[in-house]
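Read-outs throughout are calculated quantities, based only on the coordinates presented, and are distinct from any laboratory measurement. Every value quoted in this text rests on a predicted model; they were computed, and no experiment measured them. Note: ideal-geometry Cβ built from the backbone for every residue, glycine included; neighbour counts use all protein chains shown.
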Amino acid sequence: MRRQEVLTSPGPAPGMVRENHPEVPPPRDQILTTKVGLRFPADVSFDSWQQAGRQISHVVDSFAWCLGDWLVYGQRRYTNRYKQAIDAIGLDYQTLRNYASVARRVTLPRRRPSLSFQHHAEVAALSETEQDSWLHRAEQGGWSRNQLRQHLRGIRYGRSKETTALPKMVVQDERIARWRLAATQSNSQFEQWVITALDQAATSELGT
């Protein structure tokens, strides 16, 4: 008998179901998880499909936090043996190191359930006070991870003591209007949005 978890269901909350015949399609509007992926019924409503995505996202975040905390504990408690356990679970070592780094730097009391693991990764290198401040602002503003990153880059640029004026450029009004709209939708100041866009383009081109 194979156990499968319902990701979405017509009822108020998902539950667990068991099926004796895995080849039988899932009940209507229910998406089931298996060890190797999702099983969809013949017809899934948009709301159910969207809700499944939210739940998967929450699982991914929880997975990252739990593995990170597990590694941090193992490093502290089983210094000479935890590497053996890491090898046994078969996940990429660099990925696990990233999880552990964020979990170590952003401790449990400062984590925001409404924000993703990647939000917290963006502020992990900051002081505890700055972490709290930026996570609070991201939570209150409903910022995406990319929006938080843009705001953080804006602060870093603002702290720079060395500045150089860009050469004067002539740009069509339509293009400027489009850029301003993009800056508004990302909750960024226009000038900072332009700087961030140029920086991202340079990173993509140079690979650094």
Whole-Hz ³J(HN,Hα) from phi, Karplus 6.51 cos²θ - 1.76 cosθ + 1.60, for the stretch 51-66, glycine and proline x: 4, 4, x, 4, 5, 4, 4, 5, 5, 4, 4, 4, 4, 5, 4, 5
Simple label model, 7 Å out from Cα along Cβ direction - residue 189 to residue 124, nm: 3.0
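Take each of the peptides 119-132, 87-100, 44-57, average the number of other beta-carbon atoms within 10 Å over its residues, and list them starting from the highest.
Values: 119-132: 17.1, 87-100: 12.3, 44-57: 14.1.
Packing order, densest peptide first, comes out as 119-132, 44-57, 87-100.
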Amide H contacts under 5 Å for residue 31, placed H, 5+ residues apart: 7, 8
Peptide ranges 146-154, 172-180 listed from the most packed, as the mean C-beta count within 10 angstrom indicates: 146-154, 172-180
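Which net charge results for the neighbourhood of residue 100, defined as the other residues with beta-carbon distances under 14 angstrom from its beta-carbon, given Lys and Arg at +1 and Asp and Glu at -1? Please list the in-between numbers first.
On the way: positive: 76, 77, 83, 97, 104, 105; negative: 69, 92.
Within the 14 Å Cβ shell, the charges total +4.
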Simple spin-label estimate for residue 107 and residue 133 in nanometres, 7 Å along Cα-Cβ: 2.0
